[in-house]
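Undergrad: Quick one: the structure is below, and I'll ask about it shortly.
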Amino acid sequence: MEFFRIKKDIPFMKYALILNAISLLTFVLAVFFLFTRGLHLSVEFTGGTVMEVAYVQSADVGKVRETVAGLGYTEVIVQNFGTSRDVMIRLPVQQGVTSAQQSEQVLAALKAADPEVTLRRTEFVGPQVGEELVHNGLMALGMVILGIVIYLAFRFEWKFGVAAVIANLHDIVIILGFFAFFQWEFSLAVLAGVLAVLGYSVNESVVIFDRIREAFRKFRKLSTPEVIDHAITSTMSRTIITHASTEAMVLAMFFFGGPSLHYFALALTIGILFGIYSSVFVAAAIAMWLGVKREDLVKSPKKDHDANDPNAGAAV
């Protein structure tokens, strides 16, 4: 499906050096903010108190959040779980206050607003659990990256695998850089968004790489930069339709999904925007600079033996 077709190829690779220099600068700034400011980790990673409370009627999550925030908790996570009457509250660690004291204080404030609220469960999540989540998250990230390299190396060529991984890491580091610079809360939902961006970005790269392979087969007189320009230009309509529809859904989560999905949608938005950029200008350009050529993707047909050649088939 195409809304429009661009008849003349856009010379993307002509500006590859300038655009990748901008990407490198953005990447370096993201790394700088990660090391100097660090990530603002949520309760899942740093430890804290988890409360589960139940209401007789459907709970107003926004009102519950305001009640808890009125006690001085600025980094509280409040969300429904199970049914609309059940609410989970995640409280950060407070110096000099035990988990039991925190839960009693919060429950008293909630009962003042609604006397029928009941406490279902309270649990302390220690920093050790947070460290385990960080370790498991990094392991998941590493396994995804390894899987991408293996998949692209088998389907296309190792140069495409290396180019795609560099482009995807570019996207991930920039997302983390945004969260470090603005000190947005980095939660398990955001980590899930980061992993989703990895798969989303590699899908866009695969589409472009597949068109590059087709163009190499079809246009034998074009140079490698011209082939890449044609491949990217021919996917422009598909790229706009796909990313616009995806971003519309993500923006719906951002504006109407509530605080629990706010940063998840924000991570996806950053990943989608930079994923388009990196697939077109970073991955394709790196593959070109690594020396990808027609012979890497298109196998030359084997020459048939001449039936009249007396030497044909002589070797045993």
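The values are calculated or read from the model by the stated rules, or taken from the named source; none is laboratory data. Just so it is clear, the structure is predicted and the values come from calculations on it, not from any experiment. Here the Cβ positions follow ideal geometry from the backbone for every residue, glycine too, while neighbour counts run over all protein chains shown. Surface accessibility is based on the protein's heavy atoms, side chains included, excluding ligands, DNA and RNA. Shrake-Rupley method; radii C 1.70, N 1.55, O 1.52, S 1.80 Å.
Undergrad: Run down TYR200, TYR263 and say which single residue is assigned to a helix (DSSP H, G or I), at pLDDT 90 or above and under 26 Å from GLY147 (Cβ atoms).
TA: The match here is TYR263.
Undergrad: Can you tell me which residue among GLU116, GLU157 is in contact (Cβ under 8 Å) with a residue 60 or more places away in the chain, over 14 Å from the mean Cα position of the chain (by Cα), buried (at least 18 other Cβ atoms within 10 Å of the Cβ) and more than 23 Å from SER42 (Cα to Cα)?
TA: Every option except GLU157 fails the conditions.
Undergrad: Now for a different question. Against the condition closer than 14 Å to THR118 by Cβ and either assigned to a helix (DSSP H, G or I) or open to solvent by less than 50 Å² (accessible area, probe 1.4 Å) (or both), how does VAL68 come out, does it pass? Write out each step before concluding.
TA: Working: closer than 14 Å to THR118 by Cβ: no; either assigned to a helix (DSSP H, G or I) or open to solvent by less than 50 Å² (accessible area, probe 1.4 Å) (or both): yes.
Here the answer is no, as VAL68 does not meet what is asked.
Undergrad: How many of the residues in segment 65-88 are closer than 22 Å to SER42 by Cβ and free of Cβ contacts under 8 Å to residues at least 40 places away in the same chain?
TA: The number of residues fulfilling the criteria is 14.
Undergrad: Also, I was wondering about something else. May I ask you to say which residue of ALA252, ALA283, ALA248 is among the small types (Gly, Ala, Ser) and either touching a residue at least 24 places away in the same chain (Cβ under 8 Å) or surrounded by 22 or more Cβ atoms within 10 Å (Cβ to Cβ) (or both)?
TA: The conditions single out ALA283.
Undergrad: Exactly one of (1) touching a Gly at 6+ places or on another chain (Cβ under 6 Å); (2) open to solvent by 70 Å² or more (accessible area, probe 1.4 Å) is unmet by THR74. Its number?
TA: (1)
So that you can scan it fast, the table gives a plain yes or no per residue for (1) modelled with pLDDT of 90 or more; (2) in a helix (DSSP H, G or I); (3) among the acidic types (Asp, Glu):
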position	(1), (2), (3)
THR239	no, yes, no
ALA267	yes, yes, no
GLY275	no, yes, no
PHE281	no, yes, no
LYS302	no, no, no
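Matching residues to (1) over 21 Å from ALA69 (Cα atoms); (2) in a helix (DSSP H, G or I); (3) in contact with a His (Cβ under 9 Å, 6 or more places away or on another chain); (4) of a type in the set (Gly, Ala, Ser):
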| position | (1), (2), (3), (4) |
| --- | --- |
| GLN102 | no, yes, no, no |
| ALA109 | no, yes, no, yes |
| ARG120 | no, no, no, no |
| LEU138 | yes, yes, no, no |
| GLY142 | yes, yes, no, yes |
| PHE154 | yes, yes, no, no |
| LYS159 | yes, yes, no, no |
| ILE175 | yes, yes, no, no |
| ALA196 | yes, yes, no, yes |
